[in-house]
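> Starting off with a structure, shown below.
The values are calculated or read from the model by the stated rules, or taken from the named source; none is laboratory data. None of these values were measured; they are calculated from a predicted model. Here Cβ is always computed from backbone atoms with ideal geometry, including for glycine, and neighbour counts include all displayed protein chains.
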Amino acid sequence: MFIGALALAGLTAVVALRSAPNWSIKARIHARLNHRRVALVDESEEAGGDFVFWLVDQKLFASDFQELEPYLDATGRSATASRRYYLAWCWALPIAIALIAFTRLEFVSAALGLLGAFYLPRRFIRTAGASAEKMQNREAIELCQLTRMLMEAGLSPERSLRLISNQARDIMPRLIRRIDRFNRVMESGAERSAALDELGRNRNLTVLRSYVALMKQSGTLGSKVASGLDQIVQEAQHEERSKLKEETNRIGARMTVIMMLFMLPSLFMLIGGPAVLSILDAFQR
């Protein structure tokens, strides 16, 4: 029975690997029909990419991955890399921890370990994605200023982004990955509107989406972009100032809690300690 089970498992793996390309094509057709994101350029050419796309599109993983995909995309990973990262950290690692925990620990401890193994990777992905989105929104302000300067010098938007990709990597270390992806899509022969949609598809990057909308409008209507970029920069700077004020107010509230927990007890002991000792001495006498 054990040999038969091994043979059946091997046969299943072979069939799955041979059928994975067809399943991937069906999954991508289904994704297009539902207006979901499809990998562009050379992402599907990565080793095992078709099987990873098919696996994540299954009902067990699809809804969970859709919630985490914007955060994974914000960190600069490609579609295939995001799915591999998700499967490794959100499923393979918890399953491995569960196997070890349930064989060596008590049931309650193993259940708590399994819960933490499923929760912590997802929490880490959301935190890292939110931090990356904040940094990219700030870097998009520099992108707008550089694009305005280059287009006023007579360069086209495509040429400007290609030059920014070569010369401004130190200024925009996170956003430069999206610009590189835009350049690869343009070099593959895609239309500029499709490449711009790929550049600004993350809805949480508000500054970049405004930049993309302005670039598409300039390409369609032939309007000038200098004033529009200036307006985007002013609005982004105003939004950043508002966020800084909110964070400053939160720091004050947190400092109040810290003072109540750590400083006030010490202050009471310092002020009231001698009085308490004097009262105790009076009662002893």
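> Give region 101-111 a look and list any residue that's under 23 Å from residue 60 (Cα atoms) and loosely packed, with under 14 Cβ neighbours inside 10 Å, or say none.
Correct list: empty.
> Here are the criteria: (1) in contact with an Asp or Glu (Cβ under 9 Å, 6 or more places away or on another chain); (2) at pLDDT 90 or above. Tell me which single one residue 115 does not satisfy.
(1)
> Please go through region 110-127 and give me each residue that is in contact with a helix residue (DSSP H, G or I) (Cβ under 7 Å, 6 or more places away or on another chain) and either over 20 Å from residue 52 (Cα atoms) or not aliphatic (A, V, I, L, M) (or both), ordered by number.
Correct list: 110, 113, 114, 117, 118, 121, 122, 126.
> In region 149-158, what count of residues is obtained for those that are farther than 17 Å from residue 175 by Cα and among the charged types (D, E, K, R)?
1
> If we scan region 130-153, do we find a residue that is assigned to a helix (DSSP H, G or I), in contact with a helix residue (DSSP H, G or I) (Cβ under 8 Å, 6 or more places away or on another chain) and under 19 Å from residue 62 (Cα atoms)?
no
> Here is a follow-up. If you check residue 113 against the conditions, is it of a type outside the set (Val, Ile, Thr), free of Cβ contacts under 8 Å to residues at least 24 places away in the same chain, assigned to a loop (DSSP other than H, G, I, E, B) and over 22 Å from residue 243 (Cβ atoms)?
For residue 113, the condition - of a type outside the set (Val, Ile, Thr), free of Cβ contacts under 8 Å to residues at least 24 places away in the same chain, assigned to a loop (DSSP other than H, G, I, E, B) and over 22 Å from residue 243 (Cβ atoms) - is not met.
> Considering only region 235-285, state which residues are among the small types (Gly, Ala, Ser) and more than 46 Å from the chain's Cα centre (by Cα).
Passing the criteria: 272, 273, 275, 278, 282.
> When the residues of region 147-171 are filtered to those that are of a type outside the set (D, E, K, R) and touching a residue at least 24 places away in the same chain (Cβ under 8 Å), which remaining residue is surrounded by the most Cβ atoms within 10 Å (Cβ to Cβ)?
147
> Still on this structure: Looking only at region 238-247, decide whether some residue is more than 29 Å from residue 154 (Cα to Cα), of a type in the set (Ser, Thr, Tyr) and at pLDDT 85 or above.
Yes - at least one qualifying residue is present in region 238-247.
> Which pairs do you get when a residue that is without any contact (Cβ under 8 Å) to a residue 12 or more places away in the chain, found in region 120-136, comes within reach of a residue that is surrounded by 14 or more Cβ atoms within 10 Å (Cβ to Cβ) and aliphatic (A, V, I, L, M), reach meaning Cβ atoms under 7 angstrom, with the pair 6+ apart or on two chains?
none
> Just to be sure, is residue 122 buried (at least 16 other Cβ atoms within 10 Å of the Cβ) and closer than 30 Å to residue 247 by Cα?
On the way: buried (at least 16 other Cβ atoms within 10 Å of the Cβ): yes; closer than 30 Å to residue 247 by Cα: yes.
Yes; evaluated as a whole, the condition is true for this residue.
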